[in-house]
Structure formats: C-alpha cells, structure tokens
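Only one structure is covered here, and it is reproduced in the block below.
The values are calculated or read from the model by the stated rules, or taken from the named source; none is laboratory data. Treat the numbers as computed from the prediction; the structure is a model and nothing was measured. No Cβ is skipped: glycine too gets one built from the backbone with ideal geometry, and neighbour counts run over all protein chains shown. Please note that ligands, DNA and RNA were not included when accessible areas were found on the heavy atoms of the full protein model with its side chains. Shrake-Rupley method; radii C 1.70, N 1.55, O 1.52, S 1.80 Å.
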Amino acid sequence: MNRKYNRLMLQIRLLGHLQIFNGDVPLPPLNPPKALALLAYLLLRRERPIPRDQVAFTLWADASESQARANLRRHLHLLRSGLPAPRDNQPWALAEHGPVQWNGESDFWLDVAAFEEASDLRQGIGESISRLQSAIEIYRGDLLENFYEDWALTERQRLRERFTDALTRLEALQESAGDFRGAILTAKRLLAHDPLREETHRSLMQLHYLAGDRAAALGLFED
C-alpha cells in the first residue's frame, strides 16, 4: 500500500529521473543499473504478482533462458542489499517462492502512485481543483526519462496522457470557478508539456479575454 507521505519512509520517485530517498536523505544509485530497472518494473506492476519468467525475459530479453533466470536471482539479491533495511520488518520484494512482487505492505511512498491517486477525481469542484494541483506538482517529468525499454515507454506514454488530462481538467475547473489567472497558468503549463495542442492555444486566447487582457488575447491570435 502506498501510504501517505512522511519524512521517515522510503521514498521512490520514478517521474523524471529515478531517485530513491531514505527519509529525506538521497541514496546512491543502485548498482548495476539493471537493479534500478528491476526496481522500477516491480513498482509499476506492484498491484499483483508477476511470473518470474516474465520478469526475467522482459529485463534480459537477449540472454538465454537459464542466464535470464540467473540474472533475476542475482539482481533480486542486489535490490534487497542496496535498499535500506525496512523499519517494519516487511521485505521490499516478495520473491521467496514462485512469482515476484513489490511488497505493498512495506513502508514506502511512490510518486507514481501518489500522482495517480490525486488525479483520480470523484469529488466536488473545490476538492478536485486542490487534488489536481497536487497531482500536477508531483509530476516532475516524464516517467523514467533515461529508460528506453519498451515496457518503460508504454508506461511513460500512459502517464503523459494522464498528466495532459489532469491539466486539461484543472484548466476547465478553474475557468468554471472564475479563476481566469489560475486557468491561464495551467494552460501555459499544458502548452509547455504539449506545444502542438491547438485547442489549448484557442483556450488561452479566450482566458486572456475573459481576464480582461484583450491585448494579450490579440497577441496570441496574431502569433
């Protein structure tokens, strides 16, 4: 379970460059780099056990079957030894028998989980605005920016689309609430994220007009 953030727990940030913190203290990168890939892979699929062969053959696709399985065993050991000892005696990874899974009962905070929770809105307008603003602040950058494996690219695109949707919804809610200045800032962030969104350019012109800045609206139109 991704518990509410506190300063004492293990913090893992996958948005932007992968970072790990023991409390507020940054930890050195896990070595070898494939241990980081294993950590990210398990975290992104933390909701259910993953067959060992699936993990091994995904992360070591070019290795033989026996070598891929051996690599997985070795890197699970490296992962356990490279992370700080759990404070609650809950192992970080469950891999003693059969499938492999990140332990959701361990004391950790994951930015991806926090972003997904904050951007899943079923509340009124006021709380939705607050939660979307929190989600957007959590999104420091695209998922695993220096990873180029197919499994990472698929998840990166999914979260990019969710971030775009969060910005779009926040802009609409701010406009509905009459917060035109806030909506303008959100629209600008959306354009920085996706400069080719024509509908956002149109929306930004309208927001400047509604905010009483006709000169800015006309300038955007001319651009």
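Structural remarks
- A convex hull fitted to the Cα coordinates of the chain yields 138 cubic angstrom per residue.
- The chain, dipole about Cα centre (Lys/Arg Cβ +1, Asp/Glu Cβ -1), debye to the nearest 20: 640 debye
- Farthest toward positive dipole pole in the chain [+1 Lys/Arg, -1 Asp/Glu at C-beta], among Phe147, Leu210, Ser81: Ser81
- Restricted to Cα atoms, segment 25-87 shows a radius of gyration and a Dmax of 12.1, 38 angstrom.
- Once divided by 2.2 N^0.38 Å, the Cα radius of gyration of segment 48-120 becomes 1.26.
- q = 0.09, 0.12, 0.14, 0.16 Å⁻¹: log10 I(q)/I(0) that the Debye formula gives for segment 13-139, counting C-alpha atoms only: -0.31, -0.53, -0.69, -0.85
- Förster-model FRET efficiency, 45 Å R0, Arg87 and Ala215, C-beta, rounded to 0.05: 0.20
- Pairwise FRET efficiency - His201 versus Glu105, Cβ, R0 = 41 Å, nearest 0.05: 0.30
- Residues of segment 1-108: accessible area per residue with a 1.4 Å probe, Å²: 54 Å²
- Simple label model, 7 Å out from Cα along Cβ direction - Glu96 to Glu116, nm: 2.6 nm
- Extended-chain gain in nm, criterion 0.36 nm per residue less alpha-carbon gap, Ser128 and Arg80: 13.5 nm
- Sequence-distant residues sharing a close amide H with His17 (under 5 Å, placed H): Glu145
- Ranked by the mean number of other Cβ atoms within 10 Å of their residues, highest first, the peptides 32-42, 56-66 fall in the order 32-42, 56-66.
- Fully extending the segment from Lys188 to Phe57, taken as 0.36 nm per residue of separation minus the present Cα-Cα distance, adds 43.0 nm.
- Apportionment of accessible area to carbon and sulfur, the chain, percent (1.4 Å): 52 percent
- Centre separation in Å (Cα based) which lies between segment 20-93 and segment 125-174: 25 Å
- Two-decimal log10 I(q)/I(0) for segment 105-198, as the Debye equation yields it once each C-alpha is a single scatterer, q = 0.11, 0.13, 0.16 Å⁻¹: -0.35, -0.47, -0.69
- Residues whose placed amide H lies under 5 Å from that of Met9, excluding near-sequence neighbours: Gly23
- Calculated over segment 128-167: convex hull of Cα atoms, volume per residue (Å³): 54 Å³
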